[in-house]
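Here is the structure we will look at, set down as structure tokens.
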Amino acid sequence: MKLVAGNSNRPLAEAIAAYLNIPLAKCSVRRFADMEIFVEILENVRGEDVFVIQSTSYPANDHLMELLIMIDALRRASAKRITAVVPYFGYARQDRKAGPRTPISAKLVANIIEQAGADRVLTVDLHAGQIQGFFDIPTDNLYAQPVMVEDIKKNFKIDKLMVVSPDVGGVVRARGLAKRFDAPLAIIDKRRERAGESEVMNVIGEVEGYSCILVDDIVDSGGTLCNAVDALLKGGATDVSAYITHGVLSGGAVARISSSEMNSLVITDSLLPTEAVRVAQNVRVLTIAPLLGEAIARTSGEKSVSSLFD
Ligand code: R5P
């Protein structure tokens with residue numbers, strides 16, 4: 001087995017390599033003067049089972065292109081099997097035609113990863129489970145929830161816990177977490193009554209007296225999250241925290257979250273944490289390196305990965 005890492009999240013790739021006790025393969029990813037990407041795999045991969053670790057995170061286009069070019073280089077170097085390990089799968093939010101003449105970028109990206117020569121995909125918490133079906137190659141969609149469950153057990157009183165989905169689309173994910181603690185579930189229904197008016201947040205469920213945990217796949221601008229926190233506190237929640245797999249946290253999101261009433265935001269290292277994340281008082285990062293490392297070991301050993309979902 002060989003592990004190859006792109007530039008999107010070297011610390012995560014190194015942590016996965018440490019878990020598996022094998023070094024990252026020597027590989028150089030450089031730029032031509034005009035910023036085109038040039039990849040050179042600096043060791044023999046002929047006949048190897050190769051795992052390319054690369055999140056298609058900001059700058060998404062560069063990191064995606066880097067992944068594609070690495071896969072192409074590996075295919076032309078006669079790797080036996082190439083697995084694209086994409087801890088954060090970007091472009092996933094455009095997963096259906098949301099309006100006339102709009103793209104389905106998640107499908108387009110799935111097509112080009114396949115076309116580049118990937119034989120398998122390993123990813124974490126896809127924005128929508130159905131995106132798995134956008135690929136015609138075996139695709140494992142791992143869940144960060146088991147990692148979060150352990151952290152919640154350590155940090156919360158389970159008997160006063162309420163799990164909350166910040167929008168209707170995330171109910172299945174939130175219900176899954178609620179079931180693990182036998183906790184009640186609330187849902188936030190966002191509505192914009194008229195164009196140009198701000199969204200109204202209706203809390204479905206009685207949150208008064210509960211310690212609320214918001215769960216979602218992505219926190220980007222932090223708008224969804226901070227509005228949800230305000231609505232829950234207004235509804236009488238004693239405190240609100242959030243567990244969100246992919247900390248995209250664009251622009252001033254961390255500052256917005258730091259100055260909110262949220263107790264804590266817990267994300268994973270599927271994306272490289274920025275300096276703002278590292279210094280934020282109420283943001284913590286859980287590692288998914290052992291989860292990915294174990295999934296890679298089992299894939300390579302042709303063993304089941306389904307027990308990692310428990
Ligand atoms: C939306 O469907 C996603 O699950 C997230 O709720 C959304 O991407 C969060 O975006 P933001 O942080 O910009 O509100």
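The values are calculated or read from the model by the stated rules, or taken from the named source; none is laboratory data. On a predicted model such as this, the values are computed, not experimentally measured, just so you know. Counting neighbours? That spans all protein chains shown, and the Cβs are built from the backbone with ideal geometry, glycine included. Side chains are part of the model used for accessible areas, which takes the heavy atoms of the whole protein and leaves out ligands, DNA and RNA. Shrake-Rupley method; radii C 1.70, N 1.55, O 1.52, S 1.80 Å.
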statement: When ILE218 is run through (1) surrounded by fewer than 19 Cβ atoms within 10 Å (Cβ to Cβ); (2) within 24 Å of TYR91 (Cβ to Cβ), the failure sits at (1)
task: For ILE82, indicate whether it is crowded, with 17+ Cβ neighbours inside 10 Å and touching an Asp or Glu at 6+ places or on another chain (Cβ under 8 Å).
output: yes
message: Pairs please, first residue from the range 158-171 and within 15 Å of the ligand (Cβ to nearest atom), second anywhere and basic (Lys, Arg) and not in a helix (DSSP H, G or I), Cβ atoms under 6 Å, 6+ apart in sequence or on different chains.
response: ASP167/LYS190
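Being within 22 Å of GLY293 (Cβ to Cβ) and either among the aliphatic types (A, V, I, L, M) or surrounded by fewer than 17 Cβ atoms within 10 Å (Cβ to Cβ) (or both) is the requirement here; does ALA33 meet it? Before the answer, list the steps.
Working: within 22 Å of GLY293 (Cβ to Cβ): no; either among the aliphatic types (A, V, I, L, M) or surrounded by fewer than 17 Cβ atoms within 10 Å (Cβ to Cβ) (or both): yes.
Against the criterion (within 22 Å of GLY293 (Cβ to Cβ) and either among the aliphatic types (A, V, I, L, M) or surrounded by fewer than 17 Cβ atoms within 10 Å (Cβ to Cβ) (or both)), ALA33 does not qualify.
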- request: Quickly run through the range 221-242 and pick out the residues that are touching a strand residue (DSSP E or B) at 6+ places or on another chain (Cβ under 6 Å), of a type in the set (S, T, N, Q) and open to solvent by 10 Å² or more (accessible area, probe 1.4 Å).
  value: ASN227, THR238
query: Does ASP269 satisfy the criteria of being under 12 Å from the mean Cα position of the chain (by Cα) and within 8 Å of the ligand (Cβ to nearest atom)?
result: no
message: Checking the structure you have, find out if any residue of the range 197-215 is within 11 Å of the ligand (Cβ to nearest atom) and open to solvent by less than 10 Å² (accessible area, probe 1.4 Å).
response: yes
- prompt: Consider LYS179 against the criteria (1) surrounded by fewer than 12 Cβ atoms within 10 Å (Cβ to Cβ); (2) within 16 Å of the ligand (Cβ to nearest atom): it satisfies all of them except one. Which criterion is unmet?
  reply: (2)
- request: Could you run through the range 219-243 and say how many residues are within 17 Å of the chain's Cα centre (by Cα), more than 8 Å from the ligand (Cβ to nearest atom) and assigned to a helix (DSSP H, G or I)?
  value: 0
- prompt: So which residues in the range 253-310 are closer than 30 Å to ALA231 by Cα, free of Cβ contacts under 8 Å to residues at least 12 places away in the same chain and in contact with a helix residue (DSSP H, G or I) (Cβ under 8 Å, 6 or more places away or on another chain)?
  reply: none
